[in-house]
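The values are calculated or read from the model by the stated rules, or taken from the named source; none is laboratory data. All figures in this text were calculated on a predicted structure; none of them were measured in a lab. Positions of Cβ are backbone-derived with ideal geometry, glycine not excepted, and every protein chain shown enters the neighbour counts.
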Amino acid sequence: MAAAPVAGWSFRQWTAFAAALALVLTGVAAVVWREDIHRTLLDPKVPYQTYDPPPAPDYARRDAWALIPENPTRWSAADGPADVFFVHPTTYDGGKHWNAPLDEREADRSLRTVMLPNYAGPFERVGRLFAPRYRQASLYAWLRLREDAREARAFAYRDVRDAFRRYVADYNRGRPFVLAGVGQGGFLAERLVREEIAPYPELRARFAAAYLIDAFAPADRYAAGAPVPACREPRQPRCVAAWMTLVTGDEEAGRRRLENALVWTDAGDLADPGERAPLCFNPLLGMTGEADAPSRLNKGAANATDLERGARPAFLSRQVGARCVDGVLQVSRPRSGSLRPEGSWADRRKAPGYNLFYADIEADAEARVAGLLGLNDFPVPAAPIDRSIEVKPSPIRRVR
């Protein structure tokens, strides 16, 4: 702190003192109100009612997909036994838009180098990956609960729904599939489960599991006997695995996600969860419940940031233990420094650039697909036709 002013100072000395004091007060204010300052910078400052969203994606075009097979209508044994429809987490901070344009450069860089390697990566061995680009709600919208922010969150669902319908109609062709989403992606995927999968027996028959990572999925919706229940035991197919994470040493981030959580109503609106508890699946145990999972069960955490597509990360086993407490997955502090939060203020409020349960999710998804394929009522899809056959017209002879 600057020294107290001295009587008899010159005007120049008083001016220097005032400038130093102002600088100190500005620094203190920046620390005390840094959250509000950052949020203000990300505020689009336009009511959603008058906001003009970016152009919609066309999912008939390849550039509307962050991940899509080279030939999405064909497959071979090398493609794996199932498909994975993956909804990525938040990568756009905000500032100009409530909902991100598909070509926003920094958001796309974060998607390609951070989110896909760390969160779509565990599903590479499960099968073909389909990950749509969509007009995601900004990080700012996920840090607010006011009506504008709610509308931005709800708006993003339209694109994800349209992408999923395109996938089902044109690309799935009877194959078993997994649904996965992280953060915002998990929140949107939860509505897909309820509206696009659960009501349709033909889709439920091919549905291996949904992984809703760091997403609030009300536990009462996925009770035993529901069209799509919670995953309550390993290898169980046709179920939902959802969890909200609170990591020791980074409890603030976990509490923030819970405080800003909203849930879908039956009418498709957004509401506060109230007293409803979130579903809590423990990826170390492969089941929903409050049993303790020590770190020795952790198959492998990974920091896959900047890895090329298809590259296997270096797994770090026994990094964390986990236990569901009051609907929240409480995770021990990772042993490796590469698995701890870092980056800018905005980066620390998004899905982190590592995955504490990378190998655990990979093994769990493979097991549930295998469990689905082993069911007697699983509808085996016909293999795609690899060659065309010319059919010549046959003359019709009249029989007397």
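In the condition set (1) modelled with pLDDT of 95 or more; (2) of a type outside the set (Asp, Glu); (3) touching a Leu at 6+ places or on another chain (Cβ under 9 Å), residue 59 is compliant with all but (3). Taken over the range 336-355, the criterion of being without any contact (Cβ under 8 Å) to a residue 60 or more places away in the chain and in contact with a Lys or Arg (Cβ under 8 Å, 6 or more places away or on another chain) is satisfied by 342 alone.
Restricting the first member to the range 51-73 and to residues that are touching a residue at least 24 places away in the same chain (Cβ under 8 Å) and outside the structural domain of residue 124 (by TED's automatic domain parsing), and the second to residues that are among the aromatic types (Phe, Trp, Tyr) and buried (at least 18 other Cβ atoms within 10 Å of the Cβ), no beta-carbon pair is closer than 6 Å while six or more apart or on different chains. Out of curiosity, is residue 259 out of contact with any Cys (no Cβ under 6 Å at 6 or more places or on another chain), more than 30 Å from residue 158 (Cβ to Cβ), without any contact (Cβ under 8 Å) to a residue 40 or more places away in the chain and of a type in the set (Asp, Glu)? The answer is no for residue 259. In the set (1) farther than 21 Å from residue 224 by Cβ; (2) crowded, with 22+ Cβ neighbours inside 10 Å; (3) touching a strand residue (DSSP E or B) at 6+ places or on another chain (Cβ under 7 Å), the condition left unmet by residue 288 is number (1). Is it true that residue 276 is in contact with a Gly (Cβ under 7 Å, 6 or more places away or on another chain), over 26 Å from residue 334 (Cβ atoms), of a type outside the set (Ser, Thr, Tyr) and assigned to a loop (DSSP other than H, G, I, E, B)? Here the answer is no, as residue 276 does not meet what is asked.
Within the range 95-107, being touching a helix residue (DSSP H, G or I) at 6+ places or on another chain (Cβ under 8 Å) and modelled with pLDDT of 95 or more holds for 98, 99, 100, 102.
Taking the criterion of being buried (at least 20 other Cβ atoms within 10 Å of the Cβ), of a type outside the set (A, V, I, L, M) and under 20 Å from the mean Cα position of the chain (by Cα), the residues of the range 291-313 that qualify are 300, 303, 313.
Yes/no per residue for (1) in the same structural domain as residue 234 (by TED's automatic domain parsing); (2) within 30 Å of residue 379 (Cβ to Cβ); (3) among the charged types (D, E, K, R):
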residue	(1), (2), (3)
138	yes, no, no
146	yes, no, yes
160	yes, yes, no
164	yes, yes, no
198	yes, yes, no
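Tell me, yes or no, whether the range 303-315 has at least one residue that is among the polar types (S, T, N, Q), at pLDDT 90 or above and outside any loop (DSSP other than H, G, I, E, B). No. The helices (runs of 4 or more DSSP H) falling completely within the range 87-186 that include 3 or more residues that are touching a residue at least 24 places away in the same chain (Cβ under 8 Å) and among the aliphatic types (A, V, I, L, M) map to 147-166. Of the set (1) of a type in the set (Lys, Arg); (2) without any contact (Cβ under 8 Å) to a residue 60 or more places away in the chain; (3) farther than 30 Å from residue 136 by Cα, all apply to residue 299 but (2).
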